[in-house]
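Below is one structure, written out as structure tokens; comments come after it.
The values are calculated or read from the model by the stated rules, or taken from the named source; none is laboratory data. The model shown is predicted, which means the values in this text are computed figures rather than measured ones. No Cβ is skipped: glycine too gets one built from the backbone with ideal geometry, and neighbour counts run over all protein chains shown. Heavy atoms of the whole protein, side chains included, go into the accessibility calculation; ligands, DNA and RNA do not. Shrake-Rupley method; radii C 1.70, N 1.55, O 1.52, S 1.80 Å.
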Amino acid sequence: LFLTCGRAGGGSPMSITWTYHTPGATVDRFMLSSAFVRGIRGPIGSGKSTACCMEIWRRSREQAPNAQGVRMTRWAVIRNTIPELKSTTIKTWHQWFPQHIGTWRELGPTMHRISAGVPADGTSFDMEVIFLGLDRPDDVSKLLSLELTGAWINEAREVPRAVLEGLTGRVGRFPPVRDGGCTWSGVIMDTNPPDSDHWWYRLAEETRPEGYEFFAQPAGDGPNAENLKNLPANYYRRAAAGKKDDWIKVYIRGEYGFAGDGKSVFPEYVDGFHCREVDLVPTVPLQVGMDFGLTPAAVIGQLRPDGRWVLRDELVTENMGAARFAEELGRKLRGEYAGWVVSRMTGDPAGDQRAQTDEHTVFQVLASNGIKAVPAPSNDFLLRREAVAGALTRVVDGQPGLVVHPGCKQLRKALAGGYCYRRVQVAGDERYKDVPDKGTYSHVADACQYLLLGGGEGTRTLSPKPAARRRPDRWDVEDAPSGSAMGA
């Protein structure tokens, strides 16, 4: 990339030359996409921010010239606060576009304007970049007077969703249609992984609106790590030293975190490895696991002949009795899974106890509604946990021993940390309760445990010769097939 343009404050023109190589395949796909809204997440040091700087430059050069032969663009660069904007975002920008190139202004909104000729075709370009710190959703009002080509949200997990929503209505308006309009317009975003309750997660993994694309870089400590050539030797190993598992999961492995004050029951779960688009095998029967109470839940899956579990669907309810739950589960099985054989339905053994209000057990209520379920062979928590952990750490022909379909949204959150041991408020070292917190995600997690126990994982756990395990501490999204929602 070569640029010759005026100096800030006047003086003779100055030429600068860059050599930029994208840090890896994920950034390649990110920059080649023309989606209206694009997001890229990954570990620290993976080259995300620099890629966004270069994307602004590239799109500015690709803008079609107007009648005067000028390629005009205007961009907004957003960070959550002005101090963060100055200390991180602008410093990254200046590594590639020094402030003495073109016109740099700090009074009012910080702005960098670069104009130069394009010798190849005799045109010129005029790129205006406005830097804004938006601390609160109310600050979106700052955007309402802007007419933009595009925008970059830096470290998007720290920015309210209202900022993105405001920007989508301001981009694509400069240059105006009467002057030829925009060759490309939209919003690009980069971030370290947010928690699974964040708006980024919902857009990327759940709703995925039309015109939105999201890209996940591989783990920094994995075999496909990106941008290593631009980092010091042993960068990620040194960065991880002395850090907690939750920090390493987010900042080194690039996995979604979880907003909760607790310790995950299943640290073995790696969403980028275990979550995959895998279809059920028609010749293999289904199995169902269930948890009861006032918030009953069910998990539907199948155990493949090779020992791999595929968890395909979930039913998560709230304030629902056993009879109504049986109706809903029966409707799902007879509708979405009509024609499938259900070989086993396993539930919480506590459901075999008679209720105080009548003489029927939950299993009897289920049976009267066509749901023939049996109690799990055990309700011991350690055995239940190890049954799931054993499948999570098992690898069969290079594939995970337990696969969770992206559609199992609540189960994914539960395994990613929503199902957790609650912190004990004591002075000194961190301490946690011995049993998981009975919260929002405990019911679907329990249903999963009963499913695997009913399928024989408890027996495997107690076997004197357990299957060889591999802790998924170096798996990343590149291990997943191309159809994986997390690897897309």
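Summary table below
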{"quantity": "Restricting the stretch 264-308 to residues that are touching a Gly at 6+ places or on another chain (Cβ under 6 Å) and outside any loop (DSSP other than H, G, I, E, B), the residue that is farthest from GLN410 (Cα to Cα)", "calculated": "LEU303"}
{"quantity": "Where a residue in the stretch 128-141 is assigned to a helix (DSSP H, G or I) and β-branched (Val, Ile, Thr) and its partner, wherever it lies, is modelled with pLDDT of 60 or more and surrounded by fewer than 19 Cβ atoms within 10 Å (Cβ to Cβ), with Cβ under 9 Å and at least six apart", "calculated": "VAL140/PRO160; VAL140/ALA162; VAL140/GLU165"}
{"quantity": "Criterion: in contact with a Gly (Cβ under 9 Å, 6 or more places away or on another chain), of a type in the set (Gly, Ala, Ser) and at positive phi - qualifying residue of GLY370, GLY398, GLY347", "calculated": "GLY370"}
{"quantity": "Subset of the stretch 363-373 [surrounded by 14 or more Cβ atoms within 10 Å (Cβ to Cβ) and either at pLDDT below 85 or under 14 Å from GLY289 (Cα atoms) (or both)]", "calculated": "PHE363, LEU366, ILE371, ALA373"}
{"quantity": "GLU327, sole failed condition from (1) in a strand (DSSP E or B); (2) among the charged types (D, E, K, R); (3) surrounded by fewer than 20 Cβ atoms within 10 Å (Cβ to Cβ)", "calculated": "(1)"}
{"quantity": "Members of the stretch 305-317 that are farther than 10 Å from VAL288 by Cα, in contact (Cβ under 8 Å) with a residue 24 or more places away in the chain and open to solvent by 20 Å² or more (accessible area, probe 1.4 Å)", "calculated": "ASP306, ARG308, ARG312, VAL316"}
{"quantity": "Subset of the stretch 155-212 (residues that are among the acidic types (Asp, Glu) and within 24 Å of MET54 (Cα to Cα))", "calculated": "GLU155, GLU158, GLU165, ASP190"}
{"quantity": "Failed item in (1) among the hydrophobic types (A, V, I, L, M, F, W, C); (2) under 24 Å from GLY133 (Cα atoms); (3) not in a helix (DSSP H, G or I), with ALA219 passing the rest", "calculated": "(2)"}
{"quantity": "Selected residue [touching a residue at least 12 places away in the same chain (Cβ under 8 Å), under 20 Å from ARG59 (Cα atoms), of a type in the set (A, V, I, L, M, F, W, C) and open to solvent by 10 Å² or more (accessible area, probe 1.4 Å)] from LEU164, LEU146", "calculated": "LEU146"}
{"quantity": "Of all residues in the stretch 336-361 being open to solvent by 50 Å² or more (accessible area, probe 1.4 Å) and small (Gly, Ala, Ser), the one that is modelled with the lowest pLDDT", "calculated": "GLY339"}
{"quantity": "Wholly within the stretch 1-48, strands (runs of 3 or more DSSP E) carrying at least 1 residues that are of a type outside the set (A, V, I, L, M) and at pLDDT 95 or above", "calculated": "37-41"}
